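Below: the structure, in structure tokens.
The values are calculated or read from the model by the stated rules, or taken from the named source; none is laboratory data. Keep in mind that what you see is a predicted model, and the values were worked out from it rather than measured. Counting neighbours? That spans all protein chains shown, and the Cβs are built from the backbone with ideal geometry, glycine included. Quick note on the areas: whole protein, heavy atoms, side chains included, nothing else; ligands and nucleic acids left out. Shrake-Rupley method; radii C 1.70, N 1.55, O 1.52, S 1.80 Å.
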Amino acid sequence: MRLAKSIREIMGVKGGVAWKYWNEFSKAIPQKYDFCSRIDQYRRPVAAGDMVNVMLNYGYALLEAECLRAINTVGLDAHVGFLHEMATSKNSLAYDLQESFRFLVNLAVINLIETERMDAKDFIRTESYSLRLKHQLQRK
């Protein structure tokens, strides 16, 4: 086992693990959802063009909002993270905090799939061909 010596190396390891995780995650999703992965062969995030990725993105947005609420409650700066790149346009600390809780979103989406509470009729295509949630699925 090689120890990472920098944040860049840590993030590289995280990216490799994420790539493996999403490949395994995809095996649990029935084919009717057209889910392949969240990461392409170059280990970059893919767009949310399928129902599962739309649900994951929605859940992660809710999780980010909760992290931002906690950060603001204790008076920290959401832009100053310790792992994710710091930039004024990014909530780096919120992204850092999210990492420990993303599994909850993943489980919620899997639950919606396994209980068949998510269906194509719960989504709409916009004029720009983006896939979006209808309000009834947001409540689910």
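Here are the numbers for this structure:
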| read-out | value |
| --- | --- |
| Filter result (at pLDDT 75 or above, surrounded by 14 or more Cβ atoms within 10 Å (Cβ to Cβ) and out of contact with any Phe, Trp or Tyr (no Cβ under 8 Å at 6 or more places or on another chain)) within the range 31-48 | TYR33, PHE35 |
| Pairs, first assigned to a helix (DSSP H, G or I) in the range 1-24, second among the basic types (Lys, Arg), C-beta under 8 Å, six or more apart | GLY15/ARG43; GLY16/ARG43; ALA18/ARG38; ALA18/ARG43; TRP19/ARG43; TRP22/ARG38 |
| Contacts under 9 angstrom Cβ, first residue in the range 119-132 being at negative phi, partner in a loop (DSSP other than H, G, I, E, B) and open to solvent by 50 Å² or more (accessible area, probe 1.4 Å), 6 or more apart | LYS121/LYS134; ASP122/LYS134; ASP122/LYS140; PHE123/LYS134; ILE124/LYS134; SER130/ALA47 |
| The listed residue being touching a Phe, Trp or Tyr at 6+ places or on another chain (Cβ under 7 Å) and either farther than 23 Å from MET11 by Cα or polar (S, T, N, Q) (or both), out of LEU112, LEU63, LEU131 | LEU131 |
| Test result for LEU137, at pLDDT below 90, surrounded by 12 or more Cβ atoms within 10 Å (Cβ to Cβ) and part of a helix (DSSP H, G or I) | yes |
| Evaluation of GLY81 against (1) open to solvent by less than 40 Å² (accessible area, probe 1.4 Å); (2) out of contact with any Ser or Thr (no Cβ under 9 Å at 6 or more places or on another chain); (3) modelled with pLDDT of 85 or more (one fails), failing number | (2) |
| LEU104 assigned to a helix (DSSP H, G or I), open to solvent by 50 Å² or more (accessible area, probe 1.4 Å) and in contact (Cβ under 8 Å) with a residue 12 or more places away in the chain | yes |
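A quick yes/no check of all residues on (1) over 25 Å from ALA18 (Cα atoms); (2) open to solvent by less than 50 Å² (accessible area, probe 1.4 Å); (3) in contact (Cβ under 8 Å) with a residue 60 or more places away in the chain:
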residue	(1), (2), (3)
ARG69	yes, no, no
ASN72	yes, no, no
MET86	no, no, no
SER89	no, no, no
GLN98	no, yes, no
LEU112	no, yes, no
THR115	yes, no, no
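Yes/no matrix, rows are residues, columns are (1) among the small types (Gly, Ala, Ser); (2) modelled with pLDDT of 95 or more; (3) in a loop (DSSP other than H, G, I, E, B):
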{"site": "LEU56", "(1), (2), (3)": "no, no, no"}
{"site": "ALA65", "(1), (2), (3)": "yes, yes, no"}
{"site": "GLU85", "(1), (2), (3)": "no, no, yes"}
{"site": "LYS90", "(1), (2), (3)": "no, no, yes"}
{"site": "ASP96", "(1), (2), (3)": "no, no, no"}
